[in-house]
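First comes the structure, then the notes that go with it.
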Amino acid sequence: MTNTSLTFDVKTADRLIWQGQVVMSRSEAPYFWELFDRVAQVVRPARVLEIGFGLGISADLIQRRLQPAEHHIVEIDTGIYADLVRFAGNYRGVLAYLGDWRSVPLAAPFDLVFYDPFDYTGEPDDAVREAGLLRRLVGKEGALCHPHFGNGPPRVLPGFRTVVLERFTVPEIDMADGTNCRHAAAVLCYPEN
Ligand SMILES: C[S@@+](CC[C@H](N)C(=O)[O-])C[C@H]1O[C@@H](n2cnc3c(N)ncnc32)[C@H](O)[C@@H]1O
């Protein structure tokens, strides 16, 4: 898949629902606020890549909290990409790309990659291939950040060392499968040598 034009059940400024699944909801905003607060204490990235624009909540916080010189954002859905283009028009240094992050040419390496896509395919993840691509995007010196929900162990990304910066509770988040979650963490993943 290079890019796609999906029909959402709901597409508002607060919710993206596709085939009954919550792709993104504003209930994640307090978590993202806490997350980028913690991340900003550890990294000061000049070049950020964000994978998946969604409602633009993290994009807005990355601009406010991290103030990168360059903020590249890649989005696969054409309707959401139109929102991203509008967002990019309001900030200097925001560059919008349409397509699948796995195949769009991106100007790696980045100091920070914020990885928050949503799987529309239902196919099992190829974790090793994805982690390999992500490693190329962060180069030797960069870091990867991804949302972590729940109080379980962080996901294993082959070739990365994951550091849990902090665990905390947040107001209820609507999860993709319709459940709710009040536990989250800020994690950063560093490429292993
Ligand atoms: C969970 S939402 C991102 C939420 C976003 N961080 C926010 O704050 O609103 C996931 C986004 O990733 C996009 N996406 C899914 N698969 C993708 C892919 N392979 N490449 C690029 N974007 C993708 C979706 O269309 C959706 O906009």
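A probe of 1.4 angstrom, applied to the heavy atoms of all protein chains, finds Ser5 with accessible area near 90 square angstrom.
Pop out the carbon and sulfur fraction of the accessible area of the chain as a percent, whole number, probe 1.4 Å.
On the way: 4660 of 9430 Å².
Carbon plus sulfur share of accessible area: 49 percent.
For the chain, the square roots of the Cα gyration tensor eigenvalues, ordered a ≥ b ≥ c, give a/c below 1.5, which places it in the rounded category. If you sort Asp177, Asp37 by accessible surface, 1.4 Å probe, largest first, the order is Asp177, Asp37.
Phi-derived couplings, Karplus 6.51 cos²θ - 1.76 cosθ + 1.60 at θ = phi - 60°, listed residue by residue for the range 53-65: 8, x, 8, x, 5, 5, 4, 5, 5, 4, 4, 6, 8 Hz, with x used for Gly and Pro.
Please state the charge dipole magnitude for the range 26-191, taken about the Cα centre, from unit charges on C-beta atoms (+1 on K and R, -1 on D and E), reported in debye and rounded to the nearest 20.
Details: 17 positive and 22 negative charges, 143 e Å.
Charge dipole of the range 26-191: 680 debye, to the nearest 20.
Hey, could you get me the Stokes-Einstein D for the range 104-156, Kirkwood radius over alpha-carbon pairs, 37 °C and 0.692 mPa s, rounded to whole µm² s⁻¹? Working shown, then result.
Values: Rh = 12.6 Å.
Rounded, D is 261 µm²/s.
In this rough spin-label picture, where each label sits 7 Å from Cα along the Cβ direction, the Arg26-Asp177 distance is 2.7 nm.
Nearest 5 is fine: what % of DSSP beta bridges in the chain come out antiparallel, could you say?
Working: 21 of 39 bridges.
Counting DSSP beta bridges with both partners in the chain, the antiparallel share is about 55 percent.
Normalised by the number of residues in the range 26-191, what is the relative contact order in percent for Cα pairs under 8 Å and 6+ residues apart?
Details: 305 pairs, mean separation 36.4, N = 166.
Answer for the range 26-191 is 22 percent.
Would you mind getting me the FRET efficiency between Arg161 and Phe8? Use the beta-carbon distance for r and R0 = 35 Å, nearest 0.05.
Working: r = 37 Å, r/R0 = 1.04.
Calculated value: 0.45.
Solvent-accessible surface of the chain, taken per residue with a 1.4 Å probe and all protein chains present: 49 Å².
Computed from backbone phi, the HN-Hα couplings of the range 74-88 come to 10, 9, 8, 8, 5, x, 6, 4, 4, 5, 4, 4, 4, 4, 4 Hz, rounded to whole numbers (Karplus: 6.51 cos²θ - 1.76 cosθ + 1.60, θ = phi - 60°; Gly and Pro given as x). One Cα centroid belongs to the range 126-191, the other to the range 76-119; the line between them spans 19 Å. When you restrict to C-alpha pairs under 8 Å that are six or more residues apart and normalise by the size of the range 49-111, the relative contact order lands at 34 percent.
The values are calculated or read from the model by the stated rules, or taken from the named source; none is laboratory data. Remember, predicted model here, so these are calculated numbers, not experimental data. A quick note on method: Cβ atoms are made from the backbone with ideal geometry, for glycine too, and the neighbour counts reach across all protein chains shown. The area values use the complete protein model at the heavy-atom level, side chains included, leaving out ligands, DNA and RNA. Shrake-Rupley method; radii C 1.70, N 1.55, O 1.52, S 1.80 Å.
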